[in-house]
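The values are calculated or read from the model by the stated rules, or taken from the named source; none is laboratory data. For clarity, every value in this text was computed on a predicted model and none was experimentally measured. Note that we place each Cβ from the backbone using ideal geometry, even for glycine, and neighbour counts take in every protein chain shown. For the accessible areas, the whole protein counts, side chains as well, though only heavy atoms, and no ligand, DNA or RNA atoms are used. Shrake-Rupley method; radii C 1.70, N 1.55, O 1.52, S 1.80 Å.
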Amino acid sequence: MSNTPPSRRYLGAGIAGLAVATGVVAVLAASPAHASVDSISISDSNVVVGHNYTLDANLSGASIGLLVYWSDNGSSLTPVGKVPWPVGHASFGWTPGTTGQHVLTVSQGSSTKSLVVNVTDGSTPPTTTTPPPPTTTVPPTTTVPPTTTVPPTTVPPTTTPPVTTTDPPVTTVPPTTVPPTTTPPVTTTPGGGGTGSANGLPFGL
């Protein structure tokens with residue numbers, strides 16, 4: 001049995017209750033600046049009007065328990081907010097009611113993240129525009145033809161055949177021996193007349 005007077009027991013209970021209440025108020029009044037929405041995603045990239053999808057957000061910061069608010073093109077989807085669960089994670093079931101571009105935004109405290117989704121009617125898939133890669137112009141390569149070295153032309157020396165001059169043999173003509181002319185002696189007959197001969201012919205005086 002407790003020896004504490006009833007008035008003190010009630011006072012202690014009141015202080016404890018006030019402390020609990022104060023603690024709850026302190027958590028709820030935590031600075032929004034300490035909350036951070038790190039990312040937002042959707043369960044399917046091909047979004048069709050009238051279908052159900054799940055929106056997910058990853059949270060961090062000291063005020064990770066603050067209420068989370070979702071909106072579509074600026075219209076609130078959670079007017080009273082949602083308690084994030086499990087810790088550090090928030091999700092929301094979303095059914096698009098119209099086609100076209102939808103900007104989905106999640107906020108916790110002063111931190112927000114947005115996701116742009118194109119909603120189709122299901123007849124054609126959404127068009128994803130991929131920017132073309134930058135075109136790099138490669139300058140033309142100039143090929144320098146190899147230099148052909150022409151070997152020097154060696155002209156063989158001109159050989160001049162020796163000129164052989166053949167002198168015709170000298171024919172020695174033997175001297176012609178002319179036999180001496182024999183003159184017959186002239187016979188002179190003294191006296192006056194007679195016969196004789198000249199050049200072998202007789203003659204008379």
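In segment 72-107, what residues are exposed (fewer than 12 other Cβ atoms within 10 Å of the Cβ) and of a type in the set (A, V, I, L, M, F, W, C)?
80, 83, 85, 87
Provide a single number: the residues in segment 114-130 that are of a type outside the set (S, T, N, Q) and at pLDDT 95 or above. Can you show your working first?
At the first step, the residues of segment 114-130 found to be of a type outside the set (S, T, N, Q) are 115-117, 119, 121-122, 125-126.
Add one more test, that the residue is at pLDDT 95 or above, and what stays is 115-117, 119.
Total meeting the criteria: 4.
Within the set of pairs 6+ apart or on separate chains, which have a first residue in segment 57-78 that is without any contact (Cβ under 8 Å) to a residue 40 or more places away in the chain and closer than 22 Å to residue 96 by Cβ, a second that is of a type in the set (D, E, K, R) and open to solvent by 60 Å² or more (accessible area, probe 1.4 Å), and C-beta atoms under 9 Å apart?
69/82; 70/82
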